[in-house]
Amino acid sequence: MICKLSDLRHKEIINARDGCRLGYADDVEIDTKNASVVSLVVYGKWRCFGLFGREEDIILKLECIELIGEDTILVNHNFPNRNRGRGFRNFFRNKG
């Protein structure tokens, strides 16, 4: 299957390990010596409407990509330092 960068930008990236939506491919990294794609880049989400910048970008190496389908891209990657549950909705959650 041949896929253009403009097609990749409309495919949602999902982590196959936990089913988490990571976003859409915003950019690619290319090795100019070998003329090959090295990784996909998903830009970090805006923090507080952009007032506090962005979260860290997610860089997905080509080895992590399991499947590129018509609507989604499945990746298998472990995110050890991702803080899930940090947000306004969980601020008032019972800690007990």
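The values are calculated or read from the model by the stated rules, or taken from the named source; none is laboratory data. Quick caveat, the model's predicted, so the values are computed rather than measured. We place every Cβ from the backbone using ideal geometry, glycine too, and count neighbours over all the protein chains shown. Please note that ligands, DNA and RNA were not included when accessible areas were found on the heavy atoms of the full protein model with its side chains. Shrake-Rupley method; radii C 1.70, N 1.55, O 1.52, S 1.80 Å.
Pairing residues of region 17-46 that are closer than 15 Å to Ser6 by Cα and in contact (Cβ under 8 Å) with a residue 40 or more places away in the chain with residues that are open to solvent by less than 60 Å² (accessible area, probe 1.4 Å) and of a type outside the set (D, E, K, R), at Cβ distances under 8 Å and at least 6 apart in sequence or on separate chains, gives Ala25/Leu8; Ala25/Ile13; Ala25/Leu40; Ala25/Val41; Ala25/Val42; Ala25/Ile73. Quick one: is Leu51 over 16 Å from His77 (Cβ atoms), more than 12 Å from the chain's Cα centre (by Cα) and open to solvent by 50 Å² or more (accessible area, probe 1.4 Å)? Here the answer is yes, as Leu51 does meet what is asked.
Checking the structure you have, find out if any residue of region 34-46 is open to solvent by 80 Å² or more (accessible area, probe 1.4 Å), modelled with pLDDT of 90 or more and not aliphatic (A, V, I, L, M). The answer is yes, given that some residue of region 34-46 is open to solvent by 80 Å² or more (accessible area, probe 1.4 Å), modelled with pLDDT of 90 or more and not aliphatic (A, V, I, L, M).
Looking only at region 55-75, residues that are open to solvent by 60 Å² or more (accessible area, probe 1.4 Å), more than 17 Å from Lys4 (Cα to Cα) and modelled with pLDDT of 80 or more come to 6 in all.
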